[in-house]
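Below you'll find the structure, written out as structure tokens, and then a few comments.
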Amino acid sequence: MRSLKLRFSASGEAAPAAADTAGYTLLLLGVIVLMGALHQLKAVMDEAAYWDSRIAGIERMAQRKTAPRIASAHGNREMKQEVTRANAVLSQIDLPWEALFDSVEYASSLDVALLSFQPDAASRTLRIGGEAKNMPALLDFVGTLEREAVLEDVYLLKYEVKQDDPQQPIIFSLVASWIE
């Protein structure tokens, strides 16, 4: 291993002038860089404070604009109607559509054509309109619907034989309640 020789100027020898100048220059350069970094930090902090105050002002304005207003009687009535319509739509969406369709599809046959399917969410009833080729096909359809686990109280409301048609199909309407 090589020996390292160090010379310290504290022993009374004068340091070369070039080394002193380079040291002071580096110190001055470091102080200038530090001052620039502190100035940049202050500028960034001022900008952040500006945007914080702008956001707070915008939030105050938004709260003033969305503050509850006293609704007039006409506006209150319209609001209640809108809420009623929205609740009706939500109750229609919340129906057990898949189970109802599966039950009716399972009960239908080639001899029965379904023409209408009207669920009523408020009374939990289902109105079905259709056309059957003959009376046994219609009664079989009603019986099969009655045996479905999802449906109960299946009743034939009305039926009519189309006399003017040579095949004399039966137009019918029935109602059923569904179980949830």
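The values are calculated or read from the model by the stated rules, or taken from the named source; none is laboratory data. Bear in mind the structure is a predicted one, so any value in this text is a computation, not a measurement. Cβ sites come from the backbone with ideal geometry, for glycine too, and all protein chains shown count toward neighbours.
Checking residue 125 against (1) in contact (Cβ under 8 Å) with a residue 40 or more places away in the chain; (2) on the phi > 0 side of the Ramachandran plot: exactly one of these is not met. Which one?
Answer for residue 125: the failing condition is (2).
So residue 138 passes all but one of these: (1) out of contact with any helix residue (DSSP H, G or I) (no Cβ under 9 Å at 6 or more places or on another chain); (2) surrounded by 12 or more Cβ atoms within 10 Å (Cβ to Cβ); (3) part of a strand (DSSP E or B). Which condition number does it fail?
(3)
Which of the following residues is small (Gly, Ala, Ser) and either surrounded by 11 or more Cβ atoms within 10 Å (Cβ to Cβ) or at pLDDT 85 or above (or both): 123, 72, 103?
Within the list 123, 72, 103, the selection yields 103.
Any chance you could count how many residues in the range 111-150 are among the charged types (D, E, K, R), under 36 Å from the mean Cα position of the chain (by Cα) and over 13 Å from residue 175 (Cα atoms)?
1
For (1) assigned to a strand (DSSP E or B); (2) touching a Ser or Thr at 6+ places or on another chain (Cβ under 7 Å); (3) in contact (Cβ under 8 Å) with a residue 40 or more places away in the chain, each residue gets a yes or a no:
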position: 79; (1), (2), (3): no, no, no
position: 86; (1), (2), (3): no, no, no
position: 100; (1), (2), (3): no, no, yes
position: 130; (1), (2), (3): yes, no, yes
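Go over the candidates 82, 78 one by one and state the one that is farther than 30 Å from residue 180 by Cβ, acidic (Asp, Glu) and at pLDDT 80 or above.
Answer to the check: 78.
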